[in-house]
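What follows is one structure encoded as structure tokens, with my remarks underneath.
The values are calculated or read from the model by the stated rules, or taken from the named source; none is laboratory data. These figures come from a predicted structure and were not determined experimentally. Here the Cβ positions follow ideal geometry from the backbone for every residue, glycine too, while neighbour counts run over all protein chains shown.
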Amino acid sequence: MIEYLYSFSLSVLIATLVYASFTDIRSRTVKFKTWIPSVIVGSISTITYLYYNVNSIDPMINLIVIASVVIFFALGWFRFMGGADAWALIFVSIFTVPFTQSVFAPDGIGVSVYFNAIIVVLIFYPIYNLIKNWNIDAPIYYKILSLRIEGKDILKNYGYIIDSDEFKDVRDRDAWYGEGTFEFLDFFGRYSKPSELEFTKWFIDEPKKYKGRIDEFMVQKNVWLLNAVPFVAFITIGLIITFVVGDLFNMALGLNSSYNMLLGNVINATALPQEAYKIPIDWSGGL
């Protein structure tokens with residue numbers, strides 16, 4: 001019966017992440033109160049699991065969870081990731097403890113979710129950008145690594161302004177301007193320092209404050225944005241991948257046994273809840 005509490009807690013966590021994903025996509029903001037349902041249910045579930053399994057839990061699991069929480073908190077504190085992203089990964093690390101024996105996540109479920117999310121981002125955005133920029137005359141690295149919009153749409157898109165017509169001598173045609181002006185190293189220098197770029201979220205959230213700057217962009221035909229990733233949405237996808245498939249990064253390190261890992265995780269994910277806890281899959285042969 002207690003296994004259903006763990007499953008319910010996981011369902012609440014996923015539902016909370018889905019809702020947070022929509023708010024992240026819509027406004028690139030997730031208020032902390034969004035996490036309250038998951039915090040309440042997840043705390044009860046995790047504490048219950050620890051109480052009934054205090055003598056059987058592998059100490060390494062505790063160490064991995066604590067390390068994950070510290071790392072994600074530090075990444076959020078020092079602004080290497082958004083606050084909502086950090087909280088999402090912290091809660092995932094803690095509230096999935098009852099499932100640590102049921103999924104393939106050698107470095108902990110939180111870390112697995114993080115790397116799975118990054119892998120999905122690295123696959124999704126180059127394809128998305130290339131499709132959106134397909135008919136634009138620009139260097140290939142611009143078309144893959146950034147998104148071109150018209151200036152009049154500046155308040156409809158979230159991103160870091162990496163380039164625009166104001167850097168070019170010609171502004172009256174929809175084409176690539178001055179290829180010699182911005183070489184790849186110049187582009188990469190801007191790309192690697194988004195904190196030094198203008199963020200369209202500033203304009204969207206405070207249009208009156210930035211009216212003058214917004215007006216300058218409105219008349220430009222080409223504005224190139226470094227994608228502002230709604231990472232909570234990809235954390236949600238990463239969590240689902242972790243439970244259905246496993247840790248993609250570690251699976252890639254052992255390609256010869258990836259099929260067995262995938263098959264085992266599918267069987268485990270589709271088994272009855274009580275069976276998943278009684279008969280954890282032995283992944284030792286795949287490492």
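Looking at the structure I just gave you, is L89 more than 30 Å from F203 (Cα to Cα) and at pLDDT 95 or above?
Taking the combined requirement at face value, the residue does not satisfy it.
Filter region 177-209 for residues that are farther than 22 Å from I25 by Cβ, charged (D, E, K, R) and assigned to a helix (DSSP H, G or I); which is modelled with the highest pLDDT?
So the residue we want is E196.
State whether one or more residues within region 42-54 are closer than 21 Å to G246 by Cβ, buried (at least 23 other Cβ atoms within 10 Å of the Cβ), of a type in the set (S, T, Y) and without any contact (Cβ under 8 Å) to a residue 60 or more places away in the chain.
no
If a residue must be touching a strand residue (DSSP E or B) at 6+ places or on another chain (Cβ under 9 Å), surrounded by 16 or more Cβ atoms within 10 Å (Cβ to Cβ) and assigned to a helix (DSSP H, G or I), how many such residues does region 210-233 contain?
1
Please pick out the residue among V65, V70, V41 that is among the hydrophobic types (A, V, I, L, M, F, W, C), more than 16 Å from the chain's Cα centre (by Cα), part of a helix (DSSP H, G or I) and within 30 Å of K193 (Cα to Cα). Give the steps one after another, and end with the answer.
Numbers: V65 fails: within 30 Å of K193 (Cα to Cα); V41 fails: within 30 Å of K193 (Cα to Cα).
Selected residue: V70, the only one of V65, V70, V41 that is among the hydrophobic types (A, V, I, L, M, F, W, C), more than 16 Å from the chain's Cα centre (by Cα), part of a helix (DSSP H, G or I) and within 30 Å of K193 (Cα to Cα).
Would you say S112 is assigned to a helix (DSSP H, G or I) and either at positive phi or of a type in the set (S, T, N, Q) (or both)?
Spelling it out, S112 is indeed assigned to a helix (DSSP H, G or I) and either at positive phi or of a type in the set (S, T, N, Q) (or both).
Out of all the residues in region 80-109, which are part of a loop (DSSP other than H, G, I, E, B), free of Cβ contacts under 8 Å to residues at least 60 places away in the same chain and under 18 Å from the mean Cα position of the chain (by Cα)?
Listed by number, the residues that qualify are F80, G108.
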